[in-house]
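Chemist: After the structure tokens below, expect a handful of questions from me.
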Amino acid sequence: MKITIVAGARPNFIKIAALIREIKMRPEAGLHFRLVHTGQHYDQKLSQIFFEELQIPAPDVNLTVGSGSQAEQTGRIMIEFEKDLIANPTDMVIVVGDVNSTMACTIVAKKLQTKVAHIEAGIRSFDYSMPEEVNRIVTDALADYYFTTSSYANDNLRLSGIDQSRIFFVGNIMIDTLVWAKDRIKKPDVIDTRSLKRNGYYVITLHRPSNVDNVAKLRSILDSIEAGIENSVAVFPVHPRTAKNLDQCSWKSDKIILVDPLSYFEFIYLVQHSAGAITDSGGIQEETTVLGIPCITLRPNTERPETISEGTNELIGDDLQKLVSSLNKIKTGTWKNGRVPALWDGRTAERIVDILTGM
Ligand code: UD1
């Protein structure tokens, strides 16, 4: 079977790494893949370093679409991917996650009568103000096969009318890469330069438009974190989207250490040795659950509810008072314990390849 694997943005690279590793380990499965990088993320620190560390082969093509408004970026991906898919027909396009590249390439493939499989299908925040939620809904309305991370995702797909025979509960492929990386993690420089001790600091990541595009809001979040961590410090690897806005308000703090985006091995080291994470990312809610690290999520909702019901995650929405009380819970050691959700076991890619081989 010929498959085309699409990846465009940082979280996609972490997911396709596991799938590609498994395909390469099992040549007898007869899966021949072509890798398309849409170029949605192009900075060395958001893209190239992930290919190097996660041993992802160089893409067969980079569509170099770059940045733009939602419509500009989506449109450019569609225009370029259509040309590529016509020139390189395939039996199946595999898309992962919920970024603009996921949705754009799904639409193109379906209009060219090509089957689409979606890895991480079915999760929903029901928050239509998030571009990712629109991407999830459009992708899942069109896909042919759905690889899911949870029973919640399975239910969402069934409720939207998708036949059970097309839904495959395989677990969380992002965790495959986490399990593989556990022996390879790398201490980031900031640990030594700032003499950070295990459990002696927090990790911050913020990049959602709803938290970072309004400079006043971004400032008030960081001010509250600064107050809440009291005598501790926090390391904040700054996403380019957030960096632009931080530059605008020239925000500075002794307790919040701003660093460039870290590599995957460095970032996992940082989280694993921290007291807790404060984030608005999707993937970090999952990774902290598996690592058993407290996670405070600055969003009113999540498409990954099992990280709350089973894992170490809590949502605090916009409630900055709750942020301070949550940090206090971590400090006093009264944060809840969690468990790892079903099939988040590092063997998801193996199950996907089994299913693809049987098709
Ligand atoms: C995208 C995804 C989001 C994912 C995130 C992870 C969508 C709609 N959003 O958000 O789901 O969680 O990636 O990082 O697909 N930029 C750079 N260098 C880069 C890439 C982007 O400087 O390599 C800048 C762009 O100029 C842009 C901003 O960052 O202004 C946002 O980039 P974009 O790809 O639109 O979305 P993200 O916020 O990264």
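Chemist: Hey, can you tell me all the residues within the stretch 261-300 that are among the small types (Gly, Ala, Ser), outside any helix (DSSP H, G or I) and within 16 Å of the ligand (Cβ to nearest atom)?
Modeler: Across the stretch 261-300, the qualifying residues are SER263, ALA277, SER281, GLY282.
Chemist: So the check is Cβ under 9 Å with 6+ separation or different chains; which pairs have a first residue in the stretch 183-200 that's under 14 Å from LYS255 (Cα atoms) and a second one that's part of a loop (DSSP other than H, G, I, E, B) and among the hydroxyl-bearing types (Ser, Thr, Tyr)?
Modeler: Listed by first residue and then by second, the contacts come to LEU196/SER274; GLY200/SER232; GLY200/SER274.
Chemist: More than 30 Å from LYS331 (Cα to Cα) and exposed (fewer than 13 other Cβ atoms within 10 Å of the Cβ): does that describe GLY171?
Modeler: Against the criterion (more than 30 Å from LYS331 (Cα to Cα) and exposed (fewer than 13 other Cβ atoms within 10 Å of the Cβ)), GLY171 does not qualify.
Chemist: Just one of ILE77, ILE86, ILE107 is crowded, with 24+ Cβ neighbours inside 10 Å, over 22 Å from ALA349 (Cβ atoms), in contact (Cβ under 8 Å) with a residue 24 or more places away in the chain and over 17 Å from the mean Cα position of the chain (by Cα); which is it?
Modeler: Within the list ILE77, ILE86, ILE107, the selection yields ILE77.
Chemist: Filter the stretch 292-306 down to the residues that are free of Cβ contacts under 8 Å to residues at least 24 places away in the same chain and either surrounded by fewer than 24 Cβ atoms within 10 Å (Cβ to Cβ) or among the hydroxyl-bearing types (Ser, Thr, Tyr) (or both) and list them by number.
Modeler: Scanning the stretch 292-306 gives a single hit, THR297.
Chemist: While we're on this one: Please verify whether GLU72 is more than 16 Å from the ligand (Cβ to nearest atom), in a helix (DSSP H, G or I), out of contact with any Gly (no Cβ under 7 Å at 6 or more places or on another chain) and among the acidic types (Asp, Glu), treating the condition exactly as stated. Lay out the reasoning, then the answer.
Modeler: On the way: more than 16 Å from the ligand (Cβ to nearest atom): no; in a helix (DSSP H, G or I): yes; out of contact with any Gly (no Cβ under 7 Å at 6 or more places or on another chain): yes; among the acidic types (Asp, Glu): yes.
Criteria not met by GLU72.
Chemist: Which of the helices (runs of 4 or more DSSP H) found entirely inside the stretch 177-260 contain at least 1 residues meeting this: hydroxyl-bearing (Ser, Thr, Tyr) and within 14 Å of the ligand (Cβ to nearest atom)?
Modeler: 209-212, 240-249
Chemist: Which condition from (1) without any contact (Cβ under 8 Å) to a residue 24 or more places away in the chain; (2) crowded, with 17+ Cβ neighbours inside 10 Å is the one that GLY311 breaks?
Modeler: (1) is the only condition that GLY311 fails.
Chemist: When you look at ILE23, is it aliphatic (A, V, I, L, M) and part of a strand (DSSP E or B), yes or no?
Modeler: Details: aliphatic (A, V, I, L, M): yes; part of a strand (DSSP E or B): no.
Criteria not met by ILE23.
Chemist: Restricting the search to the stretch 75-100, which residues are in a loop (DSSP other than H, G, I, E, B) and either within 14 Å of the ligand (Cβ to nearest atom) or in contact with a His (Cβ under 6 Å, 6 or more places away or on another chain) (or both)?
Modeler: Once the filter is applied, which keeps residues that are in a loop (DSSP other than H, G, I, E, B) and either within 14 Å of the ligand (Cβ to nearest atom) or in contact with a His (Cβ under 6 Å, 6 or more places away or on another chain) (or both), the stretch 75-100 yields GLY97, ASP98, VAL99.
Chemist: A follow-up question, please. Suppose we keep only residues that are crowded, with 16+ Cβ neighbours inside 10 Å and away from the ligand (no atom under 16 Å from the Cβ) within the stretch 30-50. Which one would you say is farthest from SER263 (Cα to Cα)?
Modeler: Checking each candidate, the answer is LEU31.
Chemist: Please count how many residues of the stretch 317-358 are outside any helix (DSSP H, G or I) and either of a type in the set (D, E, K, R) or surrounded by 19 or more Cβ atoms within 10 Å (Cβ to Cβ) (or both). Steps first, please.
Modeler: The first filter runs over the stretch 317-358 and keeps only residues outside any helix (DSSP H, G or I), leaving 317-319, 332-347.
Now drop any that are not either of a type in the set (D, E, K, R) or surrounded by 19 or more Cβ atoms within 10 Å (Cβ to Cβ) (or both), which leaves 318-319, 335-336, 338-339, 341, 344-347.
Selection size over the stretch 317-358: 11.
Chemist: Which ones in the stretch 115-133 are touching an Asp or Glu at 6+ places or on another chain (Cβ under 9 Å), free of Cβ contacts under 8 Å to residues at least 60 places away in the same chain and either farther than 19 Å from ASP354 by Cα or among the aliphatic types (A, V, I, L, M) (or both)? Don't jump to the end; show me each part of the working.
Modeler: Applying the first criterion (touching an Asp or Glu at 6+ places or on another chain (Cβ under 9 Å)) to the stretch 115-133 yields 115-118, 120-127, 130-133.
Still in the list and also free of Cβ contacts under 8 Å to residues at least 60 places away in the same chain: 115-116, 118, 121-122.
Hits for the stretch 115-133 are VAL116, ALA121, GLY122.
Chemist: Restricting attention to the stretch 159-176, and to residues there that are within 19 Å of the chain's Cα centre (by Cα) and outside any loop (DSSP other than H, G, I, E, B), which single residue is farthest from ILE14 (Cα to Cα)?
Modeler: So, considering only residues that are within 19 Å of the chain's Cα centre (by Cα) and outside any loop (DSSP other than H, G, I, E, B), the one farthest from ILE14 (Cα to Cα) is PHE169.
No value in this document is a laboratory result; all are computed from the given coordinates. Being a predicted model, the structure only gives us computed values, none of them experimental. Neighbour counts run over all protein chains shown; Cβ positions are idealised from the backbone, glycine included.
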